[in-house]
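First the structure, in the form of structure tokens, and then the observations on it.
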Amino acid sequence: MIETALGYSAHLKAVHNTSMTPKQKDQALYLIRTGKKLESVRYLQEELLINPDQALRLAEKLEEETGDKELRDKLYELREKRANQPRDKTPQVVGVSFMVIGLILLAMAGYIARSNYQFAQHAIPTKGIVVGFDSYDSSDDDGGSTTMYSPVYEYEFNGVKYTYLSTTGSSSIDYDIGVEVEILVDPDHPTEVLVESFMEQWLAVSILTFLGLMFTGLGFMAYKLFK
């Protein structure tokens, strides 16, 4: 058993110390790379005058070395190619732009909501009456138009009558003539009012908040995805 181990060790040493010319090594590697391993073994056996077992182990060693080298060369080539290739930052720029737009819209929504709240804190409520409607045409994306209606309110403050044209409109008439609504009046500037309705107080805030969240979310996802 000891003799067998010593013989095997000597055999590996002989294989390791087997010298080849560059031409012989290139030919053996060519045969291995083209899938002709058995022919490479025969070639090594004949060229180096070694036994079949030694030729097989030498061919296996060459196969292992060339496989590792090819893999390293391919990885290095890939890294160099990616390092030298200019990165397309367009998706990230678009993502950042969307986030900026979204944050601006959210800031606008917050400003309007805060302004309405502060106005309501010092305003004086009074009764207003719907006295008419102002109509105008609103264009849509298809090239058509829709008739929009904005209510006109009349209210009295400190014995003086005022009229107020709503800043919002809808495609349908939401109020009947003569309907009473509550109006908040700025005591220092009676012409500045805020109608106590969702359309007047929260429609713009709701739309801006929705668009702000949508733009911010889409922009953040685009930035993270293409980072």
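The values are calculated or read from the model by the stated rules, or taken from the named source; none is laboratory data. Just so it is clear, the structure is predicted and the values come from calculations on it, not from any experiment. Positions of Cβ are generated from backbone atoms using ideal geometry, with glycine treated the same way; all protein chains shown enter the neighbour counts. When the accessible area is computed, the model is the full protein with side chains, heavy atoms only, and any ligands, DNA or RNA have been set aside. Shrake-Rupley method; radii C 1.70, N 1.55, O 1.52, S 1.80 Å.
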- From the options Gly169, Gly144, residue that is modelled with pLDDT under 90, crowded, with 16+ Cβ neighbours inside 10 Å, over 27 Å from Val100 (Cβ atoms) and not polar (S, T, N, Q): Gly169
- Message: Take the conditions closer than 30 Å to Lys224 by Cβ, under 48 Å from the mean Cα position of the chain (by Cα), part of a helix (DSSP H, G or I) and at pLDDT 65 or above and apply them to Leu78. Does it pass?
- Response: yes
- Item | Qualifying strands (runs of 3 or more DSSP E) (wholly inside the range 113-186; at least 2 residues being closer than 13 Å to Ser197 by Cβ) | 124-139, 145-157, 180-185
- If only one of Asp140, Asp188 is under 30 Å from Gly95 (Cα atoms) and not hydrophobic (A, V, I, L, M, F, W, C), which one is it? Asp140
- Look through the range 115-129, keep the residues that are open to solvent by less than 30 Å² (accessible area, probe 1.4 Å) and small (Gly, Ala, Ser), and return whichever of them is nearest to the chain's Cα centre (by Cα). Ala123
- Item | Selection status of Glu200, part of a strand (DSSP E or B) and of a type outside the set (A, V, I, L, M) | no
- Message: I'd like the residue in the range 1-42 that is out of contact with any Leu (no Cβ under 6 Å at 6 or more places or on another chain), hydroxyl-bearing (Ser, Thr, Tyr) and part of a helix (DSSP H, G or I) and, out of all such residues, is modelled with the highest pLDDT.
- Response: Tyr30
- Test result for Phe215, in contact (Cβ under 8 Å) with a residue 60 or more places away in the chain, touching a helix residue (DSSP H, G or I) at 6+ places or on another chain (Cβ under 7 Å), within 23 Å of Ile104 (Cα to Cα) and open to solvent by 60 Å² or more (accessible area, probe 1.4 Å): no
- Is there a residue in the range 93-114 that is of a type outside the set (Ser, Thr, Tyr), over 45 Å from the mean Cα position of the chain (by Cα), modelled with pLDDT of 90 or more and surrounded by 11 or more Cβ atoms within 10 Å (Cβ to Cβ)? no
- Message: Condition first: aliphatic (A, V, I, L, M) and under 45 Å from the mean Cα position of the chain (by Cα). Now tell me which residues in the range 163-197 satisfy that.
- Response: Leu165, Ile173, Ile183, Leu184, Val193, Leu194, Val195
- Item | Residue tally, condition at pLDDT 90 or above, touching a helix residue (DSSP H, G or I) at 6+ places or on another chain (Cβ under 9 Å) and not in a strand (DSSP E or B), over the range 187-197 | 3
